[in-house]
Amino acid sequence: MKCITIFALSLLCLAGCSQAPQERHYKEIVIDAPSANSLVWQVPAGWVQGAGDQMRLVTFYSVNDPRAIDCSITTLTGEAGGLDANLERWLGQLGISSTDEILNGLEQSAQSVTSADGHEIKVFDLTHLQGISNKSMLAAVMNLEGLTVFIKMTGVKDALDANRENYLQLLSSIKQE
């Protein structure tokens, strides 16, 4: 039985050797992924731009009190989980339980800002919600083709209120090169 199997395999190999090689043609398709590196912005007066990290493109701080606020720009490809999932995540970061009432309230009260190149940026103000800490947040979402941009500022409510205009200026200055 073993000899028959070896013989059959040998015949298959020999049969394959008699075929002429086939020329194959391949077409390379290059898909340019959206690049976060093409985003530019103006640093608001009174803020300093710091380095990014693994997730953040950039971090901004107040010149007067670097620990008062933490503002960052982060990008993810695609829908990045969707709006509700991100609102729930931000509420969780503040220690606030998400409810349909809170989510609907945030979505309905969202402010709209136009970026420097005409994209709509939705701003969600979480400063009126009380979590387990004294920290709060302003968070914005801008959808570009294949890319979701998040601009989030955290700190205590008073610091966020004091830096709100700078935050809105940052949002309106963002554009793709």
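Could you tell me which residue of the range 111-142 is farthest from VAL43 (Cα to Cα), considering only residues that are buried (at least 17 other Cβ atoms within 10 Å of the Cβ) and small (Gly, Ala, Ser)? Per the criteria, the residue is SER136. Whether a residue is modelled with pLDDT under 60, at negative phi and surrounded by 10 or more Cβ atoms within 10 Å (Cβ to Cβ) was assessed, and LEU57 does not pass this test. Restricting the search to strands (runs of 3 or more DSSP E) fully inside the range 63-177 and requiring at least 1 residues that are without any contact (Cβ under 8 Å) to a residue 60 or more places away in the chain and among the basic types (Lys, Arg) gives 120-125, 135-144.
The values are calculated or read from the model by the stated rules, or taken from the named source; none is laboratory data. Note that this is a predicted model, so its numbers are computed, not measured. Neighbour counts run over all protein chains shown; Cβ positions are idealised from the backbone, glycine included.
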